[in-house]
1. Just to verify a result, which residue in segment 39-89, among those that are in a loop (DSSP other than H, G, I, E, B) and basic (K, R), is nearest to T25 (Cα to Cα)?
2. Within segment 66-85, work out how many residues are over 14 Å from the mean Cα position of the chain (by Cα) and closer than 16 Å to A122 by Cβ.
3. Which pairs do you get when a residue that is of a type in the set (G, A, S), found in segment 56-69, comes within reach of a residue that is open to solvent by 70 Å² or more (accessible area, probe 1.4 Å), reach meaning Cβ atoms under 8 angstrom, with the pair 6+ apart or on two chains?
4. Would you confirm, using the coordinates I've provided, whether L111 is in contact with a Lys or Arg (Cβ under 7 Å, 6 or more places away or on another chain), open to solvent by 40 Å² or more (accessible area, probe 1.4 Å) and touching a residue at least 24 places away in the same chain (Cβ under 8 Å)?
5. Please verify whether segment 67-74 includes one or more residues that are in contact with a Phe, Trp or Tyr (Cβ under 9 Å, 6 or more places away or on another chain), farther than 30 Å from V136 by Cα, at pLDDT 85 or above and open to solvent by 50 Å² or more (accessible area, probe 1.4 Å).
6. On the basis of being modelled with pLDDT of 85 or more and farther than 24 Å from A72 by Cβ, does L13 make the cut?
7. Residues of segment 16-29 being modelled with pLDDT of 85 or more and in contact with a Leu (Cβ under 7 Å, 6 or more places away or on another chain), which ones?
8. Please verify whether L59 is touching a helix residue (DSSP H, G or I) at 6+ places or on another chain (Cβ under 8 Å), within 29 Å of G2 (Cβ to Cβ) and either of a type in the set (D, E, K, R) or at pLDDT 90 or above (or both), treating the condition exactly as stated.
Amino acid sequence: RGPGWARFLVERLLYPGSGPHGHGTHYYLQIDSHTRFVPKWDQELIRMLHECGSPQPVLSTYPLPYEGAGDAAQCSREPRATLLCSLPASAPAFGHPDCMLRFRARLLAQLPDAPIPSPFWAAGFSFAPSALLADVPYD
């Protein structure tokens, strides 16, 4: 049935009733299966979430690439962050017959002091307080 259905099932198992803090979990992380992590990634994400300055913060982007596979995989050493952007309406991908809006991550010129607000969300990487699921559940 696809990744949306799988995410719906995970949400229902870990966060019954889409209520906050299912099974004592305070945060919700959604990733693609090919995601790699750096040491202390969880502490870094929680710190960044608290820097958002929003009552309902969500961290989301297209993560930086990595090289290699399995235990030999090396995470990017790029210190700058990416920001989700839509392709301009004049871009060939935007005018594709399926009429779907296309996104890409743009590498920022410098590392920001805090997360940057964005109107876009990426299903392949999203981190938020688990209370978000009460307001925006998969259905």
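The values are calculated or read from the model by the stated rules, or taken from the named source; none is laboratory data. Keep in mind that what you see is a predicted model, and the values were worked out from it rather than measured. As a convention, Cβ positions derive from the backbone with ideal geometry for all residues, glycine included, and neighbour counts pool all protein chains shown. Side chains included, ligands, DNA and RNA excluded: accessible areas come from the protein's heavy atoms. Shrake-Rupley method; radii C 1.70, N 1.55, O 1.52, S 1.80 Å.
1. K40
2. Total satisfying the criteria: 0.
3. Short answer, once both residue conditions are applied: S60/W121; G68/Q74.
4. For L111, the condition - in contact with a Lys or Arg (Cβ under 7 Å, 6 or more places away or on another chain), open to solvent by 40 Å² or more (accessible area, probe 1.4 Å) and touching a residue at least 24 places away in the same chain (Cβ under 8 Å) - is met.
5. Within segment 67-74 (the criterion being in contact with a Phe, Trp or Tyr (Cβ under 9 Å, 6 or more places away or on another chain), farther than 30 Å from V136 by Cα, at pLDDT 85 or above and open to solvent by 50 Å² or more (accessible area, probe 1.4 Å)), the answer is yes, since at least one residue qualifies.
6. So L13 fails the test.
7. Y28
8. When the stated conditions are applied, L59 passes them.
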